[in-house]
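Some notes on the structure that comes next.
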Amino acid sequence: MDERTKKFTAVILCLAVLITVCGCSFKESSIEDLMQPPQLTASRKQIRDALTSLVGSAYQLVSPQSGSGFSGINLTDLDGDGENEAVCLYTAGSPALVNVAVLKNEGSGWVKIGHFASDATAVDRLEFCDLDGSGVDDIVIGFGYLTGSDHVLQILKLDNGSLVSLHQAMYNRFVTVGEETKRLVVLNTAGASATLLGMKEGAIRSLSSVPMDSRAQSILSLQTAKTSGGLAAVYVDSQLDNQMYTTEVLVISADDFLENRLFTAEHMLGDRPNAVKCTDINGDGVPEVPQAVAMTDTENTAYFTYWYSFDGSGLSEPTVTFTSASEQFYFLYPEKWKKTVIVSRDEKSERTIRFVKRRTGEALYSLRAFTPAEYAALTENGWQTIIRSTDRVIAVRTEQAAPDSALTADEWKAALHTYGENGGKV
């Protein structure tokens, strides 16, 4: 066996071990997107062959940019018989516009049982959820257009062997909420509003709407979660036209009434200068809402982040952190530091954060996020790893002996967290 064959065999054996240990499996819905050219399973190849016989060979499957449906062919039960239908998204003809075809396996082969022709050129988002309370999924699809900013929401249902439209609306972003019968929260930043869609009087329609901040230029983060009071909610972090940031929490009451109290209560928390997003920092499953407060006595302005739980009407007492949006970490500020230690950026390297005695100006600790290569090349002593992942190392260095302000290694590990959409430890 030559060296090349040995290496290839070793790779195959490693993959086999990993799959066995992790319990992983290659699903039908991901093979075509991961392999070029695709190696199709038998059922998926049958779907492709059936689609080719219906529309000809000159078509292209279209993958949604986001959502739970992420492939040009998605399998889900649309009629409640326990068997999955195939929802196919493809472009054909000139101009190349998006079509939706639903195919069903009739035993002898896959046949078309529903079709919808759009005037769109792309698929922005695809979800499957039960909006009308029928017990089976509806197709919730966001179509995209050449202009890029225009999106049209289309809710489609398989009904008596055909694909019918239940609702159509313009949108910028939308998310599904609810545990069984779903609702949609549709954001329209152009109209500065949010609308709750659901079943009412036998049709999908608007259940309620609320105003949103008209200064919002782009949505930074969109999360579905509950409030600390247990109400379904959508947490919206946006960048404003003045380059500031704000958070709005769209709360859904038990009677399908939509509220936006953080905004309508005259900006309860106000705007903030940094791109910090709502994050579950205490691990209770509920995102906390951030507010930035400038530190004093620092040459370069740094900010404490005050994190508040929101129950739908009021805010809790805050948890205080120092948060670096650029380096993606936050540090739970020790109680004993709150009046005696401030944060300053190093004059030579803005990526290095120093914790400094307020009265004397003595640097107590330095904190920095390195790439693994940067950390491996360090010749300077004293850096101790607190968090390590595949793409970065966050390390701390002790600068001064200060017993009244010292933190143990365990205290550092408990206080320092990576920051992101969902927060939490690495």
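The values are calculated or read from the model by the stated rules, or taken from the named source; none is laboratory data. None of these values were measured; they are calculated from a predicted model. All Cβ positions, even for glycine, are placed from backbone atoms using ideal geometry, and neighbour counts span all protein chains on display. Calculation scope for accessible area: heavy atoms of the full protein, side chains included, ligands and nucleic acids excluded. Shrake-Rupley method; radii C 1.70, N 1.55, O 1.52, S 1.80 Å.
Quick notes
- Restricted to strands (runs of 3 or more DSSP E) entirely inside the stretch 131-242, those with at least 2 residues that are over 23 Å from the mean Cα position of the chain (by Cα) are 151-159, 162-170, 193-200, 203-211.
- For beta carbons closer than 8 Å, sequence separation of 6+ or different chains, a first residue in the stretch 133-154 that is on the phi > 0 side of the Ramachandran plot and a second that is surrounded by 14 or more Cβ atoms within 10 Å (Cβ to Cβ), the qualifying pairs are GLY133/THR181; GLY133/MET199.
- Test: residue in the stretch 153-171 that is surrounded by 19 or more Cβ atoms within 10 Å (Cβ to Cβ), over 30 Å from SER214 (Cα atoms) and of a type in the set (Val, Ile, Thr): no
- Residue ID - surrounded by the fewest Cβ atoms within 10 Å (Cβ to Cβ), chosen from residues in the stretch 99-119 that are more than 30 Å from the chain's Cα centre (by Cα) and under 13 Å from VAL55 (Cα atoms): VAL111
- Residues located in the stretch 36-68, provided they are under 25 Å from the mean Cα position of the chain (by Cα) and either of a type in the set (A, V, I, L, M, F, W, C) or at pLDDT below 85 (or both): LEU61, VAL62
- If you check ALA96, ALA92, ALA122, ALA86 for being open to solvent by less than 10 Å² (accessible area, probe 1.4 Å) and either closer than 15 Å to SER165 by Cα or not β-branched (Val, Ile, Thr) (or both), only one passes: ALA86.
- Candidates are the residues of the stretch 72-83 that are assigned to a loop (DSSP other than H, G, I, E, B) and either touching a strand residue (DSSP E or B) at 6+ places or on another chain (Cβ under 8 Å) or of a type outside the set (Gly, Ala, Ser) (or both); the one that is most open to solvent (accessible area, probe 1.4 Å) is GLU83.
- For the stretch 43-66, the set of residues classified as open to solvent by 30 Å² or more (accessible area, probe 1.4 Å) and either touching a Cys at 6+ places or on another chain (Cβ under 8 Å) or within 23 Å of VAL140 (Cβ to Cβ) (or both) consists of GLN60, LEU61, SER63, GLN65, SER66, listed by residue number.
- Scanning the stretch 81-111 for residues that are touching a Ser or Thr at 6+ places or on another chain (Cβ under 8 Å) and at pLDDT below 90 turns up just one, PRO95.
- Members of the stretch 66-90 found to be in contact with a Leu (Cβ under 9 Å, 6 or more places away or on another chain) and more than 14 Å from HIS115 (Cβ to Cβ), listed by number: SER66, GLY67, SER68, GLY69, PHE70, SER71, GLY72, ILE73, ASN74, ASP79, ASN84
- Restricting VAL289, VAL251, VAL210 to residues that are closer than 23 Å to HIS417 by Cβ and out of contact with any His (no Cβ under 6 Å at 6 or more places or on another chain) narrows the list to VAL289.
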